[in-house]
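The values are calculated or read from the model by the stated rules, or taken from the named source; none is laboratory data. Everything numeric here is computed off the predicted structure, so don't read it as measured data. Here the Cβ positions follow ideal geometry from the backbone for every residue, glycine too, while neighbour counts run over all protein chains shown.
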Amino acid sequence: MNAVQDAVLLGTPRTDDPVCKVTPLSVEKGAPKPVTEAKEPFAPPFPEKLEELDVSPAFLIGLVLRTVSLESECTTASIAQRLRIGILIADALLERLYRDKWIEKKGVVGLHNHRYTMLERGWQEVGRLNEFCSYIGPAPVSLQAYSEITVLQIRNRPPVTPLALERALAHLVLAADVKQTLGMVASSGRSLFLNGPSGNGKTAMACALANTVPGDLWIPYAIEVDGQIIRVFDSHNHVCVKPETEDYDRRWVKVRPPLVVVGGELTIETLDLLVSPNQRFYEAPLQVKANGGVLIVDDLGRQRCSYKELLNRWIIPLEHRVDYLTLGTGKKIQVPFEQIVIFATNLSPADIADDAFMRRMGYRLEVVPPTPNVYAEIFTCYARSRGLNVDPHVLGRLLERYAAEGRQPRACEPRDLIERVIDLCKFRREALRLTDETLNVAWNSYFGAAVCAPART
């Protein structure tokens, strides 16, 4: 084990099957083929016909009707924009609603662009539809399309380069063998088990690794399965980027490789599809939102569920790169599990004592406290990044204080002490400076010091 001394092909789902049966992707069968070079080789093509949306027309008609109900007078163009579909497709769907007397036309705006309003019969239908699904937003894509395009993109990514790794880790002080291991993790897409005492950079390394993942990613706003919606796009975890083409399916959005971090709030239930009585559609679990990027399970062992129960939940996805989610109807669906999963914990592999899980870990890395020399390098690097000069004698006396108090240095403490010195200087309205006196105040306010009780009058 290394030590850190520095700081699917899916078949079309059948509603009569309890499980969506699919053929797992492998090199031998069904593996995505390399794509030719182009500006946007993975951009989903713009659908020009209703059948090219690959979603149930009945569901789309209901979605359009719910969307019309949001505005007193909507237009064909506004519906097309809300649903991220072509205006000709929106026009065809609205004409169907008009013929069935759910809505009525209020005038012509332009070519293939009319103004509509709801009829009483339409309002009754919206109420009925909302009892089953209340989703309003961009039109969804099929589960099969999501799985195929996601895997195709990730399996055809360019390799991680040493230069990209150096840039991503430039703000961290790491040994060469540690950087090499992190590079292999990023290049292979395998999982990583990070363990060691708190405060020594496990989370910082894990987060930095996300910046090494090459290539942006196309993801859908939502997925449709048997008339039910799973919302995938999340503005908190997904950062949009501008495509290099205008000719693409607007139901998809291009994002940076996502970084999803979850800690003590994680439960077994949040790893599956959850639906609230109010919204009546599913939110994709965090491992689906992390596809194509990095998923960090921070502070493993502090979750509200047993860590052994949590690890058992990951065994199949880590080995087969697919996960199984359960709809409210009891039907199971298969989705890609294509992300780098990083487990960061204070527990040791011996504490976990789960050979089945540890065998499936791609890499293991132990993070240990920094030596005095490494501590000094971290301190100096961070001080310079904040515009401060470091007196070697002052730094030497700081390290002597650690030894005198029998305190083990941690990699996070240079940053924390320097930030408190900055806070002190700003409060005093003084120039920023690292001295024995300012570091002493920072030390006492960080580690704690005995104080006299205030006198009472």
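Is it true that some residue in region 39-50 is closer than 29 Å to LYS332 by Cα, at pLDDT below 90, surrounded by fewer than 19 Cβ atoms within 10 Å (Cβ to Cβ) and within 25 Å of the chain's Cα centre (by Cα)?
No, there is no match, as no residue in region 39-50 is closer than 29 Å to LYS332 by Cα, at pLDDT below 90, surrounded by fewer than 19 Cβ atoms within 10 Å (Cβ to Cβ) and within 25 Å of the chain's Cα centre (by Cα).
For region 67-126, enumerate the residues that are touching a Gly at 6+ places or on another chain (Cβ under 6 Å) and part of a strand (DSSP E or B).
As a first pass, look at region 67-126 and keep what is touching a Gly at 6+ places or on another chain (Cβ under 6 Å): 102-103, 115.
Once the filter is applied, which keeps residues that are touching a Gly at 6+ places or on another chain (Cβ under 6 Å) and part of a strand (DSSP E or B), region 67-126 yields ILE103, ARG115.
Out of (1) hydroxyl-bearing (Ser, Thr, Tyr); (2) surrounded by 14 or more Cβ atoms within 10 Å (Cβ to Cβ); (3) farther than 24 Å from ILE342 by Cβ, the odd one out for THR270 is which?
Failing condition for THR270: (3).
Okay, residues lined up against (1) under 30 Å from PHE343 (Cβ atoms); (2) assigned by TED's automatic domain parsing to the domain that holds LEU172; (3) modelled with pLDDT of 95 or more:
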{"residue": "GLU377", "(1), (2), (3)": "yes, no, no"}
{"residue": "TYR382", "(1), (2), (3)": "yes, no, no"}
{"residue": "VAL390", "(1), (2), (3)": "no, no, no"}
{"residue": "GLY406", "(1), (2), (3)": "no, no, no"}
{"residue": "GLU413", "(1), (2), (3)": "yes, no, no"}
{"residue": "PHE427", "(1), (2), (3)": "no, no, yes"}
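Can you tell me which of (1) assigned to a strand (DSSP E or B); (2) under 21 Å from VAL261 (Cβ atoms) is the one ILE223 doesn't meet?
(2)
Here's the yes/no breakdown for (1) among the charged types (D, E, K, R); (2) buried (at least 20 other Cβ atoms within 10 Å of the Cβ); (3) touching a Leu at 6+ places or on another chain (Cβ under 7 Å); (4) in a helix (DSSP H, G or I):
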| site | (1), (2), (3), (4) |
| --- | --- |
| HIS171 | no, no, no, no |
| MET184 | no, no, no, yes |
| ARG190 | yes, no, no, no |
| ALA206 | no, yes, yes, yes |
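Looking at this structure, is ALA442 more than 30 Å from GLN287 (Cβ to Cβ), assigned to a helix (DSSP H, G or I) and touching a Leu at 6+ places or on another chain (Cβ under 6 Å)?
Numbers: more than 30 Å from GLN287 (Cβ to Cβ): yes; assigned to a helix (DSSP H, G or I): yes; touching a Leu at 6+ places or on another chain (Cβ under 6 Å): yes.
Spelling it out, ALA442 is indeed more than 30 Å from GLN287 (Cβ to Cβ), assigned to a helix (DSSP H, G or I) and touching a Leu at 6+ places or on another chain (Cβ under 6 Å).
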